[in-house]
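FYI, it's all coordinate maths here, none of it is from the lab. In this text, all values refer to a predicted model and were calculated from it rather than measured experimentally. Counting neighbours? That spans all protein chains shown, and the Cβs are built from the backbone with ideal geometry, glycine included.
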Amino acid sequence: TQLLEQSPQFLSIQEGENLTVYCNSSSVFSSLQWYRQEPGEGPVLLVTVVTGGEVKKLKRLTFQFGDARKDSSLHITAAQPGDTGLYLCAGTWNGTASKLTFGTGTRLQVTL
Amino acid sequence: GAVVSQHPSWVICKSGTSVKIECRSLDFQATTMFWYRQFPKQSLMLMATSNEGSKATYEQGVEKDKFLINHASLTLSTLTVTSAHPEDSSFYICSAIQPRGGVGRNNEQFFGPGTRLTVL
């Protein structure tokens, strides 16, 4: 079973601050996704990265995929209360087809 | 497009009873669906992979006789929690993928809104 460690587990910041969430694995991903989940709802896909070194931007969110494809980061600029939620990375590996293994999660709280 | 629904959205049952949760792909055909379980303040854990017309594949540690999965059509998979106990209380989430060429790319999974099960 593949393990994805996320850090930090919990983050409480004020509106306007920047933050970075990390996702690490000991194995090479074939693809990695980032999701955001709000309480009582299913996760919503933010981005998929597949190429080592890839950087994708989604408004104030910047996603990086490590060169070795074993780690990824999510950076949020000027956080807003609407960014509050559970951020999950999820990866697939060669030989596991479309099966996703989710990371341990990072709970973000943005206050005014 | 690519909407997945679950029914019911929440259910409360007595210990020892069975509960069925439905997962439907509303606007696409899903050859594969996945069932996840999420305990409070934890991440999603994959329980099983459900393929239309064949037996589900269960993850290690998941009892197939307790969590019965039926994927009878390309738009519906059901999860039945048999003889539920309080420790089965959790948030159950399904997802569905399309065959290549569909809406999703890279076998993207489309997630349902989840079903909260509380066993008394």
Note to self: more than 24 Å from A:GLN33 (Cα to Cα), within 12 Å of chain A (Cβ to nearest Cβ) and either assigned to a loop (DSSP other than H, G, I, E, B) or within 14 Å of the chain's Cα centre (by Cα) (or both): is that true of B:GLY61 in this structure?
What the structure shows: yes
Picked from the stretch A:77-87 (must be touching a Leu at 6+ places or on another chain (Cβ under 7 Å) and under 22 Å from B:GLN42 (Cα atoms)), the residue nearest to the other protein chains (Cβ to nearest Cβ) is A:TYR87
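Every residue, every condition in (1) surrounded by fewer than 18 Cβ atoms within 10 Å (Cβ to Cβ); (2) touching a residue at least 60 places away in the same chain (Cβ under 8 Å), yes or no:
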position	(1), (2)
B:SER9	yes, yes
B:THR32	no, yes
B:MET47	no, no
B:GLY53	yes, no
B:GLU63	yes, no
B:VAL81	no, yes
B:THR115	no, yes
Of (1) free of Cβ contacts under 8 Å to residues at least 24 places away in the same chain; (2) among the basic types (Lys, Arg); (3) on the phi < 0 side of the Ramachandran plot, B:LYS41 fails just (3)
Taking first residues from the stretch A:8-29 that are closer than 17 Å to A:VAL47 by Cα and second residues anywhere that are surrounded by 13 or more Cβ atoms within 10 Å (Cβ to Cβ) and of a type in the set (A, V, I, L, M, F, W, C), the pairs with Cβ under 6 Å that are 6 or more apart or on different chains are A:VAL21/A:LEU74; A:CYS23/A:LEU4; A:CYS23/A:CYS89
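When the residues of the stretch A:27-36 are filtered to those that are surrounded by fewer than 23 Cβ atoms within 10 Å (Cβ to Cβ) and not in a loop (DSSP other than H, G, I, E, B), which remaining residue is farthest from the other protein chains (Cβ to nearest Cβ)?
Initial filter on the stretch A:27-36 (surrounded by fewer than 23 Cβ atoms within 10 Å (Cβ to Cβ)): A:27-28, A:30-31, A:36.
Checking which are not in a loop (DSSP other than H, G, I, E, B) leaves us with A:31, A:36.
Numbers: A:SER31: 6, A:ARG36: 11 Å.
That would be A:ARG36.
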Filtering the stretch B:1-48 for residues that are within 11 Å of B:LEU79 (Cβ to Cβ) and not hydroxyl-bearing (Ser, Thr, Tyr) leaves a count of 12
Note: among A:LEU46, A:LEU11, A:LEU4, just one is aliphatic (A, V, I, L, M), buried (at least 17 other Cβ atoms within 10 Å of the Cβ) and facing chain B (nearest Cβ under 9 Å), namely A:LEU4
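Per-residue answers, yes or no, for (1) within 14 Å of chain A (Cβ to nearest Cβ); (2) surrounded by fewer than 19 Cβ atoms within 10 Å (Cβ to Cβ); (3) in contact with a strand residue (DSSP E or B) (Cβ under 8 Å, 6 or more places away or on another chain):
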position: B:ASP27; (1), (2), (3): no, yes, no
position: B:TYR36; (1), (2), (3): yes, no, yes
position: B:PHE39; (1), (2), (3): yes, yes, yes
position: B:ALA56; (1), (2), (3): yes, no, yes
position: B:SER73; (1), (2), (3): no, yes, no
position: B:THR78; (1), (2), (3): no, no, yes
position: B:PRO86; (1), (2), (3): no, yes, yes
Q | Any hit, the stretch A:55-67, residues being assigned to a strand (DSSP E or B) and within 11 Å of chain B (Cβ to nearest Cβ) | A | no
Residues of the stretch A:78-112 being outside any strand (DSSP E or B) and surrounded by 21 or more Cβ atoms within 10 Å (Cβ to Cβ), in sequence order, are A:ALA79, A:LEU100, A:GLY103, A:GLY105
